[in-house]
Amino acid sequence: MQNPELKITEDGSHTLYVSEIDECYHSTHGAIQESKHIFINAAFLQCNKNEINVLEIGFGTGLNAFLTLLEAEKQHKTIKYTSIELFPLELKKSLSLNYPQLIDSSKQNEFERLHTSEWNTWTEITSYFLLKKINEDFTKLILQEKFDVIYFDAFSPEKQPEMWTEEMFKKLYLSAEKNAVLTTYCCKGAVKRAMKAAGFNTEKIPGPIGKREILRARVVL
């Protein structure tokens, strides 16, 4: 994942294009609107706990973490946020992303702290948002905690097929709390079947602009 190219999506927000796999980090119809729809509205806001353990597969640009931080402040919730990323972005490129300017410029420092915080250790970004970025391969990682909300934001099954298997979803299922919710942008039949085989209850729900449907999965014990 060498030197991804900065691009502007249709809602004015940045994404990154990886030429090696011919894929963007976000929808070209709008990075911010996509992340809000799939991960905040369809997952985070479905959890009614006041203390929430969030797991993100693919830290990427930090957009999902930033949106979660802002929503947690708005909802007065305390967050432990674990994100697994094998290919961290170059810091200079991360800090050039325009999300704070478009969403809330008063939170520029918090966005920068998401990226400058040390890897593989817990960092208090704010009094209500604790972050641990793990620089490891998710397919080989043993998860140690239980999670209430899971953002599955890996590259597509065509580009990273090893991430979308029944084995990987079983790992997530076993690390999920009762009533946990998982969302992903991918709605392929094979992905849905892999989730169901792993134990999740799955449903197709309306997608963001430019995408008809997405997948949401729940743990019902």
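The values are calculated or read from the model by the stated rules, or taken from the named source; none is laboratory data. These numbers come from a predicted model, not from an experiment. All Cβ positions, even for glycine, are placed from backbone atoms using ideal geometry, and neighbour counts span all protein chains on display. Side chains included, ligands, DNA and RNA excluded: accessible areas come from the protein's heavy atoms. Shrake-Rupley method; radii C 1.70, N 1.55, O 1.52, S 1.80 Å.
Just a few scattered comments:
- Complete set of residues in the range 27-54 that are touching a helix residue (DSSP H, G or I) at 6+ places or on another chain (Cβ under 8 Å) and over 10 Å from ASP148 (Cα atoms): SER27, ALA31, ILE32, SER35, LYS36, PHE39, ILE40, LEU45
- Considering (1) out of contact with any Gly (no Cβ under 6 Å at 6 or more places or on another chain); (2) crowded, with 20+ Cβ neighbours inside 10 Å, the lone condition that LEU114 does not fulfil carries the number (1).
- For the range 161-212, the set of residues classified as open to solvent by less than 20 Å² (accessible area, probe 1.4 Å), among the β-branched types (Val, Ile, Thr) and closer than 20 Å to CYS24 by Cβ consists of THR183, THR184, VAL191, listed by residue number.
- Restricting attention to the range 70-88, the residues that are more than 13 Å from TYR99 (Cα to Cα) and open to solvent by less than 30 Å² (accessible area, probe 1.4 Å) add up to 9.
- The range 165-221, residues that are within 20 Å of ASP137 (Cα to Cα), under 16 Å from the mean Cα position of the chain (by Cα) and either aliphatic (A, V, I, L, M) or modelled with pLDDT under 95 (or both): MET168, LEU172, ALA176, LEU182
- Pairs linking a residue in the range 52-63 that is more than 18 Å from LYS178 (Cα to Cα) to a residue that is among the hydroxyl-bearing types (Ser, Thr, Tyr) and open to solvent by 10 Å² or more (accessible area, probe 1.4 Å), with Cβ atoms under 9 Å and 6 or more positions apart or on different chains, are GLY58/TYR25; GLY60/TYR25; THR61/TYR25; LEU63/TYR25.
- Taking residues in the range 1-18 that are among the aromatic types (Phe, Trp, Tyr) and at pLDDT 95 or above, and partners anywhere that are part of a strand (DSSP E or B) and open to solvent by 50 Å² or more (accessible area, probe 1.4 Å), the pairs with Cβ atoms closer than 9 Å and at least 6 places apart or on different chains are TYR17/GLU5; TYR17/LEU6; TYR17/LYS7.
- Scan the range 26-69 for residues that are among the acidic types (Asp, Glu), open to solvent by 10 Å² or more (accessible area, probe 1.4 Å) and either assigned to a helix (DSSP H, G or I) or closer than 22 Å to GLU90 by Cβ (or both) and the total you get is 1.
- All conditions in (1) part of a strand (DSSP E or B); (2) in contact (Cβ under 8 Å) with a residue 40 or more places away in the chain; (3) more than 22 Å from LEU45 (Cβ to Cβ); (4) among the acidic types (Asp, Glu) hold for GLU136, with the sole exception of (1).
- Flag if LEU91 is of a type outside the set (Gly, Ala, Ser), closer than 20 Å to PHE44 by Cβ and open to solvent by 20 Å² or more (accessible area, probe 1.4 Å): no
- For THR123, the requirement of being closer than 20 Å to TYR25 by Cβ and not in a loop (DSSP other than H, G, I, E, B) is not met.
- Hits in the range 189-206 (condition: basic (Lys, Arg) and within 19 Å of HIS37 (Cβ to Cβ)): LYS192, LYS204
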